[in-house]
Amino acid sequence: MKNCLAFITLITLFFASCSQKPKPTFTAADITLIPKPLQLELGESSFEVTSTTAIVLEGDSPKKAADYLVGLFKTAANFNLELQNTLAKEAIFFTTEEGLNEGAYKLKVNPTSIHITASEETGFFNAVQTIRQLLPKAIESKKVIDVAWYIPSISIEDEPRFKWRGMHMDFSRHFFKVDEVKSFLDYMALYKMNTYHMHLTDDQGWRMEIKKYPLLTEKGAWRLPNNQDSICNTRAVENELFKIDESNFKEVDGERKYGGFFTQEEIKEIVAYAGDRNITVIPEIDMPGHFKSAIDNYTYLSCNEDSGWDTVFTYPACLGKETTYEFMKNILSEVVEIFPSKYIHIGGDEVNIKSWEKCPHCQKAIKEYGLADEHELQSHFNRDIEQFLHSKGKKLMGWDEIVEGGLTKEATIMWWRGWRPDALKKAAENGNDVVISTTDAYYFDYLNEGNPLEKIYGYEPIPESFTKEQSENVMGIQANLWSEWIPNFKRLQYQAFPRMLAVAENGWAPQKGKDFEGFNARVEKQYDRLDVLNVHYYIPAVKGLDKEIMIVDSTLVPLELAYPLEGVEIFYTLDGSVPTQKSLKYEKPFSVKDTMIIKARAYRNDIFNDIKTVKVVKSEYVDAAAVDIKEKGFRRYVLKGKYKEVDNIKTWTNNKWEKVDSVDVADFVDEKNFNLVYTGYFYADKDDVYEFETRSDGGDHLYIADKLVVDNGGWHGPRKRFGKIALRKGWHPIVLKYRPSDKPRVIEVKYAVQGEELVPLKTQATGF
């Protein structure tokens, strides 16, 4: 009997050992961490987190990170992992090591344990986010998933490049709710971003409860539908990503109005939620401009006790009245009590100073304080507010316009005007801390096609001209989501992802060794995780429908994605209807023979992008002119005077002209009150449809054979317009009229056979 029991025991142990699955080994292709760690070494096998895995803490610093890890497994696996401070087998150990930089951590994973080392809580939290990305995507699930929770054997040493790795949301133009804010904070935490900028007030709405001034939210948080809403509504007819959240409408004073605001308790809830994720919330209360939502209800704040819009911007608060300063400080007194952040952002951008130029109160203040002009008046205001914030233990932050008129060394700026490097230079020379947030790369309200992922990833935030000392004053980077055309949370996700991942990596990883192809490969692996998080991210646009298609008989229409992405398919329609996954699936170029509207969009499972639309126009060939061309080039006429419309520019046979080889404005950049007309003939080297593109400031019209082919008229800054025409082989008369802006910068013409690459229109294609 004894021998039998021993045999049974051996058999049981044998089968138990056979039933244990070997732990998987991961490859480098499986590691898709964003941001990329500084040092990473991949090992054999992996660690499995089970319901009995212990979490061992040393001290209090790791607790926030450990609690977050416990919460992930509770939600996705229904594990009740225990925190303890005694040794355990097959455990996750959090150990404090003095001397590591803020945010830095070490992570070592082997088949029997995980060791996380940091000097303070942000380092521990960053390590947990790395573990989160190393785990299966199911860890993001809001319901229990039955999977094996393996983490690759790996050794990582890591720390951030910048201390400010930020994202911004604009609540004034269109409003977002507390739960949506929390979701966004979860996305930020996943990619180790640590600063959340809330733009809470602007002309279109006041979004934070201020108890001393209840009208700010009772009235100022609600507005009648405006042009931003109407544009979104127009787009929403075909694209639900532009649908305005109906829950943000309510009846106010008998009228249907849009709006919403956060109570102070809701703000505290957001701040606490962010704090649990080691994210600092920065409030922005825009002043003294972009203040209409306040002035509407407290009209004594303006210079003339009136509220409204001037030509471009609204009337600002009056800086010659003590009541303005009192009002601002009373607001900020409540703000600083709710937001524990070191910085309070006061905006300060795009202030319309014209009303101050005429205001007796402002002019009196300028004289009394010995100020040079209205810019120094704003700086006087900024310094007064800054001193007040200092008394509350806070620091002032503003957009880069606050540099004009002077700054104290303690103020911090956000440089957003990439076209004004002088503002950044002034701040750097003054020793001010700066956050880089330029339109050049970090304005995510711009469409993905215009501000793409590769451009953002390749953008270096610290100018080459900066000294080492000035570079150290760059606190970091931030991307902004202005919400004029972002009317709901799905659209906000679409604008933020995947570009937010480039900001996360640029804020963390050093400039040296950046590799877009490697980064993009990791981004593509993140999409499955974002699917679990229910993020409606951007997928590549459909190319081939960005310009009108002209045909004489028929043509083939080729479509392609802006860049390849696995699992993305193109669907299109030929009757102008909205394409769905039940529409025609694009397999190869298709033939069109008549006038029609083509619409196309891409899908990746349920994720879709914006629709691309093109009109197919049927035309007839324009016959070539029977002319004998003597010389190559153009005749150029210079006409003095100012013309209201481009078409008012006339040329006569007795006008003086000169021969030129190309179209440009180089000889006239210092001239005033001039206009240019180019005439000659364009040579079409075969029967085909030709495309012409002009780029100019001011305005231009391009005619071929007396037909207006490119209408780039109006009054505008540098912009491009195009047109097409079907031409028989031979010479065709061409006329270009150009009315420059007050500061002439550009006039140029390009051409190509439809579908080919545009080239400058020069001597070889023209004559007279």
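A short reminder: the numbers here are calculations on the coordinates, not readings from a lab. The model shown is predicted, which means the values in this text are computed figures rather than measured ones. Reconstructed Cβ throughout: ideal geometry from the backbone, glycine too, with neighbour counts over all protein chains shown.
State the antiparallel share, in %, of DSSP beta bridges confined to the chain, rounding to the nearest 5.
Numbers: 99 of 148 bridges.
Looking only at bridges with both residues in the chain, the antiparallel portion is about 65 percent.
Tell me the GluC sites (Glu not before Pro) within the range 581-684 that lie in a loop according to DSSP and have at most 13 other beta-carbon atoms within 10 Å. Let's see the in-between values first.
On the way: sites: E587, E620, E631, E645, E658, E671; in loops: E587, E620, E631, E645, E671.
Answer by residue number: E587, E620, E631, E645, E671.
For the chain, just the Cα set please: Rg and Dmax, both in angstrom.
Using the Cα atoms of the chain, the pair Rg, Dmax is 31.2, 126 Å.
How many nm separate the modelled label positions at Q764 and E240, each set 7 Å beyond the Cα in the direction of the Cβ?
5.2
In which sequence would V568, V474, V147 go, from the one with the fewest C-beta neighbours within 10 Å to the one with the most?
Numbers: V568 19, V474 22, V147 13.
Fewest to most other Cβ atoms nearby, the residues stand as V147, V568, V474.
Hey, with R₀ at 56 Å, roughly what FRET efficiency would E157 and K409 work out to, going by the Cβ-Cβ distance, to 0.05? Intermediate values should be presented prior to the final figure.
Values: r = 35 Å, r/R0 = 0.63.
FRET efficiency, E157 to K409: 0.95.
What FRET efficiency, computed as 1/(1 + (r/R0)^6) with R0 = 35 Å and r the Cβ-Cβ distance, is obtained for Q511 and K618, rounded to the nearest 0.05? Display every interim value, and only then the final one.
Values: r = 52 Å, r/R0 = 1.50.
My answer for the efficiency is 0.10.
How high is the FRET efficiency from W652 to K358, r the C-beta distance, R0 51 Å, rounded to 0.05? Each step should come with its number before you reach the end.
Numbers: r = 46 Å, r/R0 = 0.90.
Rounded to the nearest 0.05, the efficiency is 0.65.
Of K512/K750; K163/K426; K108/K514; K192/K468, which pairs sit farther than 31 Å apart, going by alpha carbon to alpha carbon?
Working: K512/K750 38 Å; K163/K426 22 Å; K108/K514 24 Å; K192/K468 26 Å.
Checking Cα-Cα distances, K512/K750 exceed 31 Å.
DSSP loop trypsin sites (Lys or Arg not before Pro) in the range 362-437 with at most 15 other Cβ atoms within 10 Å of their Cβ, which ones?
Working: sites: K364, K367, R383, K392, K394, K395, K409, R417, K425, K426; in loops: K392, K394, K409, R417.
Listed in order of number, the matching sites are K392, K409.
Could you compute Rg(Cα) / (2.2 N^0.38 Å) for the range 28-158, with N its residue count? Numbers along the way, then the final one.
Numbers: Rg = 13.6 Å, N = 131, 2.2 N^0.38 = 14.0 Å.
Its radius of gyration relative to the 2.2 N^0.38 Å reference: 0.97.
222 nm [θ] for the chain, helices only, -39500 (n - 2.57) per DSSP H run of 4+, per residue, to 500?
Working: 18 runs with 195 residues, N = 768.
The helix contribution divided over the chain gives -7500 deg cm²/dmol.
Just want to confirm a number: the relative contact order over the chain, from Cα pairs under 8 angstrom separated by 6+ residues, in percent.
Details: 1661 pairs, mean separation 67.5, N = 768.
Answer for the chain is 9 percent.
Give me the extension gain from E326 to V638: residue separation times 0.36 nm, minus the current Cα-Cα distance, reported in nm with one decimal. Could the numbers behind the result be given before it?
Values: separation 312, 0.36 × 312 = 112.32 nm, distance 5.81 nm.
The E326-V638 span can extend by a further 106.5 nm.
Quote to one decimal, in nm, the extra length available between V552 and K468 on full extension: 0.36 nm per residue of separation minus the C-alpha distance between them. Don't skip to the answer; put the middle values down first.
Values: separation 84, 0.36 × 84 = 30.24 nm, distance 6.17 nm.
Taking V552 through K468 to full extension adds about 24.1 nm, to one decimal.
Which log10 I(q)/I(0) values, to two decimals, does the range 520-603 give at q = 0.19, 0.26 Å⁻¹ under the Debye formula with one point per Cα?
With one equal scatterer per Cα and no solvent, log10 I(q)/I(0) is -0.88, -1.36.
Calculate, in nm to one decimal, what H716 and L87 gain on full extension: separation in residues at 0.36 nm each, minus their alpha carbon distance. Present the calculation step by step, with values, prior to reporting the outcome.
On the way: separation 629, 0.36 × 629 = 226.44 nm, distance 7.07 nm.
Between H716 and L87, full extension yields an extra 219.4 nm.
Would you mind checking K543/K729; K211/K394; K547/K659 for any pair whose Cα atoms are more than 25 angstrom apart?
From the list (K543/K729; K211/K394; K547/K659), the Cα-Cα distance tops 25 Å for K543/K729; K547/K659.
In percent, what relative contact order does the range 383-479 have, based on Cα pairs under 8 Å that are 6 or more apart in sequence? Could you put the intermediate results ahead of the total?
Working: 124 pairs, mean separation 22.6, N = 97.
Contact order relative to length: 23 percent.
Considering the Cα positions of the range 617-742, please state its Rg to one decimal place and its Dmax as a whole number of Å.
Every Cα atom of the range 617-742 included, Rg and Dmax give 14.8, 44 Å.
At most 12 other Cβ atoms within 10 Å and a DSSP loop assignment: could you name the trypsin sites (Lys or Arg not before Pro) in the range 199-303 that fit?
Numbers: sites: R207, K211, K212, K219, R223, R235, K243, K250, R256, K257, K268, R277, K292; in loops: R207, K211, K212, K219, K243, R277.
Here the sparse-neighbourhood loop sites are K211, K212.
Please compute the Kirkwood hydrodynamic radius of the range 109-161 from all pairs of different C-alpha atoms, in Å with one decimal.
Numbers: mean 1/r = 0.0798 Å⁻¹.
So the Kirkwood estimate lands at 12.5 Å.
Starting from the coordinates of the alpha-carbon atoms of the range 426-566, obtain the Kirkwood hydrodynamic radius over all distinct pairs and give the value in Å to one decimal. Can you show the working numbers first?
Values: mean 1/r = 0.0575 Å⁻¹.
With all distinct Cα pairs of the range 426-566 included, I get 17.4 Å.
Can you compute the radius of gyration and Dmax for the range 278-382, using only the Cα atoms, both in Å?
Rg and Dmax of the range 278-382, Cα atoms, are 14.2, 48 Å.
Given q = 0.11 Å⁻¹, what are the Debye log10 I(q)/I(0) values for the range 164-532, with equal point scatterers placed on the Cα positions and solvent ignored?
For the range 164-532, the Cα-only Debye profile gives -0.77.
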